[in-house]
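Quick notes on the structure that follows.
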Amino acid sequence: MLDDDHHAAIETFYLRIASSPEEFSRIIRPQNAEDWLLRFQADTITRHMRIQRNMRTRAQQRGLDTLLIEEHASDFTEYLSYLPEYEKLLCEDIPRRYILTNNYDAMCLQTDFGKVIIVSEVLRYFLYFMNLAVSDVPGVPDDVRDSALRIAMRTMLLSETLDFDMDPRGAVPKPVDAALKAMVNWQMKFIVGHEFAHHILCHDESGQLQLSKTHRFSDGEDIGEVVGYLRQHAQEFEADWHSISVVDSKPTQQRLFVGGVSFLLALYVFETLAAEIDPAFGSINTHPQTTTRVRKLLEAFNDDPDLHIEDMPSILENYDHLCEAVLDQYREAPDNFTFYGSIYLGSWRGPVRVDRVDF
């Protein structure tokens with residue numbers, strides 16, 4: 001009887017987030033990989049109240065009846081448009097979707113219904129605030145950069161509440177916002193290309209694959225979500241390289257390279273902090289060391305003079321200094337990184353808003 005009540009309660013939640021009987025039926029009884037992906041998204045929304053509230057706000061802002069919103073789909077379609085015809089044909093029918101979920105992975109995942117690609121929106125938020133912290137976009141006050149760096153780290157640690165649609169943390173001037181989003185778009189296309197590369201290169205057919213369900217940093221709850229594959233490190237390096245090299249256009253290759261390296265360097269800062277907070281982080285990380293991934297990319301594209309790889313030693317040194325600064329901040333006040341809640345963009349915060357009153 002308890003099981004029946006539990007299922008009835010879950011179905012009630014699904015009814016609240018679906019836009020039609022057809023969408024509800026697809027969630028309850030998935031028939032294909034597209035349906036499986038919808039069900040996965042529905043489960044993340046029903047499992048976390050903060051995510052559910054955020055998605056409801058997003059639906060209201062867009063005038064939609066469903067909470068199963070397909071956001072940033074252009075990242076996938078635009079990346080596919082860069083591919084040669086054969087690779088495009090291999091990939092274009094794979095269901096894929098950004099999902100706001102309580103982990104930070106991107107995955108090319110084999111399900112009972114076929115392949116899907118899932119990209120966590122956490123990565124987009126992380127990169128947006130990381131770019132705000134470290135990019136050379138003019139006119140950003142130092143206190144805003146400092147706050148943005150902490151928000152970026154906290155977002156990946158899952159201590160920053162995932163409610164940016166309701167509470168965007170501040171008012172970023174439109175020119176700055178546009179510049180940051182342009183950077184994020186190329187960083188995310190590198191990530192998307194990396195996942196498509198796993199499929200193109202048949203990495204999912206290896207007998208060495210293991211599915212990792214190890215929990216990420218969270219506020220102590222059992223998140224119970226798929227995290228990703230523990231792949232051979234050589235496959236990860238190959239997917240990084242292939243996501244760029246498969247593209248025919250040289251200017252597009254260069255933008256993907258810059259996006260990929262800047263993403264990996266941002267990830268390097270987070271992983272340095274994560275290892276300080278939890279020395280066991282290395283054992284739950286499903287990818288090889290980020291510094292090694294950067295070095296492999298630099299070696300692979302060393303012959304391209306337009307990439308100015310000779311500047312990378314000084315850039316890497318700057319990121320080493322940034323890692324030390326973040327560690328110093330954490331050691332001085334660890335709660336600033338680990339308490340569950342929200343922090344704001346310093347002098348760009350704007351009016352103070354109260355949770356469940358103003359949003």
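Where only protein heavy atoms count, and the probe is 1.4 Å, what is the accessible area per residue for the range 256-359 in Å²? Mind showing how you got there, number by number?
On the way: 5490 Å² over 104 residues.
Heavy-atom accessible area per residue stands at 53 Å².
DSSP beta bridges fully contained in the chain are about 65 percent antiparallel.
Inter-label distance, Ser314 to Gln289: 2.6 nm, where each label sits 7 Å from its Cα along the C-beta direction. Per the Debye calculation on the range 50-139 with a single equal scatterer at every Cα and no solvent contribution, log₁₀ I(q)/I(0) for q = 0.13, 0.18, 0.22, 0.24 Å⁻¹ amounts to -0.60, -1.00, -1.18, -1.23.
Relative contact order for the range 29-91: what is it in percent, counting Cα pairs under 8 Å that are at least 6 residues apart? Provide the component values of the computation, followed by the final result.
Details: 21 pairs, mean separation 11.3, N = 63.
Computed value for the range 29-91: 18 percent relative contact order.
Between the listed residues Met55, Thr252, Ile28, the Cα displaced farthest toward the positive end of the dipole of the chain, a dipole computed from Cβ unit charges relative to the Cα centre, is found at Met55. Keeping the other protein chains in place, figure out the carbon and sulfur percent of the accessible area of the range 1-130, with a 1.4 Å probe. The computed percentage sits at 49.
For the range 289-353, state the semi-axes of the equivalent ellipsoid (square roots of 5 times the eigenvalues of the alpha-carbon gyration tensor), sorted largest first and rounded to whole angstrom. Spell out each step's value before the answer.
Details: eigenvalues 243, 53, 26 Å².
Computed over the range 289-353, the values are 35, 16, 11 Å.
If you take the Cα atoms of the range 117-198, find Rg, then find the Kirkwood Rh from the mean of 1/r over all pairs, what is Rg/Rh? Let's see the in-between values first.
Numbers: Rg = 13.1 Å, Rh = 13.4 Å.
Checking Rg against Rh, the ratio lands at 0.98.
Residue separation of Asp143 and Tyr86 scaled by 0.36 nm, minus their Cα-Cα distance, works out to 15.7 nm of gained length.
The ellipsoid equivalent to the alpha-carbon distribution of the range 9-160 has semi-axes of 30, 22, 13 angstrom, derived from the gyration tensor eigenvalues as √(5λ) and listed largest first.
Relative contact order (percent) for the chain, with alpha-carbon contacts under 8 angstrom and 6 or more residues of separation?
Details: 462 pairs, mean separation 65.0, N = 359.
Value for the chain: 18 percent.
Evaluating kT/(6 pi eta Rh) at 37 °C and 0.692 mPa s, with the Kirkwood radius of the chain over Cα pairs in the Stokes-Einstein relation, gives 153 µm² s⁻¹.
May I ask you to derive the FRET efficiency for Asp335 and Ser135 from their Cβ-Cβ distance with R0 = 35 Å, giving the value to the nearest 0.05? Present the calculation step by step, with values, prior to reporting the outcome.
Values: r = 28 Å, r/R0 = 0.79.
Taking R0 as 35 Å, the efficiency between Asp335 and Ser135 is 0.80.
Between Ala325 and Ala171, the contour length at 0.36 nm per residue exceeds the Cα-Cα span by 52.9 nm.
Beta carbons within 10 angstrom, averaged per residue: use that to sort the peptides 297-309, 257-269, highest first. Walk me through the numbers on the way to the answer.
On the way: 297-309: 14.3, 257-269: 22.8.
Taking the mean over residues of other Cβ atoms within 10 Å, the ranking is 257-269, 297-309.
Under 28 Å of direct C-alpha separation, and excluding same-chain neighbours fewer than eight residues apart, Lys115 reaches these lysines: Lys88, Lys189, Lys213, Lys296. Here the Kirkwood formula puts the hydrodynamic radius of the range 236-319 at 13.7 Å, using every distinct Cα pair.
For the peptides 175-185, 311-321, residues were scored by their other Cβ atoms within 10 Å and the scores averaged per peptide; the highest-first order is 175-185, 311-321. Distance between the modelled labels on Ile28 and Ser347, one decimal in nanometres: 5.6 nm (7 Å Cα→Cβ projection). Centre-to-centre, using Cα atoms only, the range 327-342 and the range 9-58 are separated by 34 Å. With 0.36 nm allotted per residue and the present C-alpha distance subtracted, the Phe13-Thr77 stretch has 19.9 nm of extension available. Here's how it looks for Thr111: its modeled amide H is under 5 Å from those of Val116, which are all 5 or more places away or on a different chain. Taking every DSSP helix (H) stretch of at least 4 residues in the chain, weighting each as -39,500 (n - 2.57) and dividing the sum by the residue count yields a mean residue ellipticity at 222 nm of -18500 deg cm²/dmol.
The values are calculated or read from the model by the stated rules, or taken from the named source; none is laboratory data. Everything quoted here is computed from the prediction, not taken from an experiment. Glycine also receives a Cβ, built like all others from the backbone with ideal geometry; neighbour counts cover every protein chain displayed. SASA here: full protein model, heavy atoms, side chains in, ligands and nucleic acids out. Shrake-Rupley method; radii C 1.70, N 1.55, O 1.52, S 1.80 Å.
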